[in-house]
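So the structure is just underneath, and the comments pick up after that.
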Amino acid sequence: MSRIVYVNGEFVAEENAVVSVFDRGFLFADAVYEVSSVLEGKLIDNDAHLKRLRRSLGELRIPSPATDEEIIRVQHELIDRNQLQEGLIYLQATRGCADRDFAFPANPSAGLVMFSQAKTLIEAPQARQGIAIITVPDIRWKRRDIKTVGLLAQVMAKQAAKDAGVSDAWMVEDGFVTEGSSNNAFIVDANGKLITRHLGNEILPGITRASVLELVEQENIVFEERSFTVDEAMNASEAFITSATTFVWPVVEIDGVKIGTGKPGVFAPKLREFYLKNSLARAE
Ligand code: PDD
């Protein structure tokens, strides 16, 4: 059975799904996206993802392609039609189609594409084993708080990681870690304090990051939102990443330097378990 995807108001078999060559998402990366994970056929943290989508659209003045209710209906229909138990729903909203011109079209009609992707999330081996990463210069634009599909810097970062035989890359600017190529970066210092970069235009406000910090606060774990250096990360007792598709994965090696014992510590696996329990209880 071929996958059913959603393209501008219609559910179609993936081999018949097409978008226009004039779509501004294609021509200018004039589009935003969201990725919501699916566990047990339910959407995780979806309300927060849709809230961030609204913000991204607003910052770029892209017209809303659908209401939240319509988007949620399509998300569930994709889950049902594709019998998705575990994986993700990808959503991309573009400024629509028009002859190529940098400035906004006069009467834009926003485009909306959504599809499901099956993926093993809970039993991902990286969660158990941890991942090795490299660091790369952060060469992205200055509005990284907007979740745009302009992801070429991250494509290059992930490929550099692959070429180096590791799983991912953390991006570095002015000596400080900004975030992972598709995730937020955390470290735990020698006193057990959790540190992750403060929000701002320099990083994406991760939904998983926010949920994890909420749990951390509830548990009275000490944490600080501030920049940290690669050196600090290398000397941390633990490091980890968060995102919709990884939840929490330990980072056990940075640029060939082992973090802590070089094995996942206690903190990240516990947070992952805690996050999964909590988010599943809230899943819709
Ligand atoms: N990426 N930072 C960046 C640059 C990201 O691309 C992502 C997510 C995150 C984590 O955000 P969240 O917790 O809301 O998933 C942080 C998604 C998963 C992707 O591009 O596939």
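Being modelled with pLDDT under 95 and touching a helix residue (DSSP H, G or I) at 6+ places or on another chain (Cβ under 8 Å) is not true of E238. In region 15-27, the residues that are assigned by TED's automatic domain parsing to the domain that holds G111 form Cβ pairs under 7 Å with partners that are in a helix (DSSP H, G or I), at six or more places apart or across chains, as follows: V19/F26.
Every residue, every condition in (1) away from the ligand (no atom under 14 Å from the Cβ); (2) of a type in the set (V, I, T), yes or no:
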| site | (1), (2) |
| --- | --- |
| I131 | yes, yes |
| I134 | yes, yes |
| D138 | no, no |
| R144 | no, no |
| L152 | no, no |
| D168 | no, no |
| F176 | yes, no |
| V188 | yes, yes |
| L199 | no, no |
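Listed by position, the helices (runs of 4 or more DSSP H) contained in region 2-84 that have at least 2 residues being more than 17 Å from T94 (Cα to Cα), charged (D, E, K, R) and over 22 Å from the mean Cα position of the chain (by Cα) are 68-81. For region 177-198, the set of residues classified as among the hydrophobic types (A, V, I, L, M, F, W, C) and either in contact with an Asp or Glu (Cβ under 9 Å, 6 or more places away or on another chain) or crowded, with 16+ Cβ neighbours inside 10 Å (or both) consists of V177, A185, F186, I187, V188, L194, I195, listed by residue number.
A single member of L91, L112, L84, L78 is within 12 Å of the ligand (Cβ to nearest atom) and in contact (Cβ under 8 Å) with a residue 40 or more places away in the chain, and it is L91. Taking region 259-270 as the range and being surrounded by fewer than 23 Cβ atoms within 10 Å (Cβ to Cβ) and either touching a helix residue (DSSP H, G or I) at 6+ places or on another chain (Cβ under 9 Å) or of a type in the set (S, T, Y) (or both) as the test, the residues that pass are T261, K263, P269. Scanning region 199-213 for residues that are of a type in the set (K, R) and surrounded by fewer than 21 Cβ atoms within 10 Å (Cβ to Cβ) yields no hits at all.
The values are calculated or read from the model by the stated rules, or taken from the named source; none is laboratory data. The shown structure was predicted, so the numbers you read here are calculated from the model rather than taken from an experiment. No Cβ is skipped: glycine too gets one built from the backbone with ideal geometry, and neighbour counts run over all protein chains shown.
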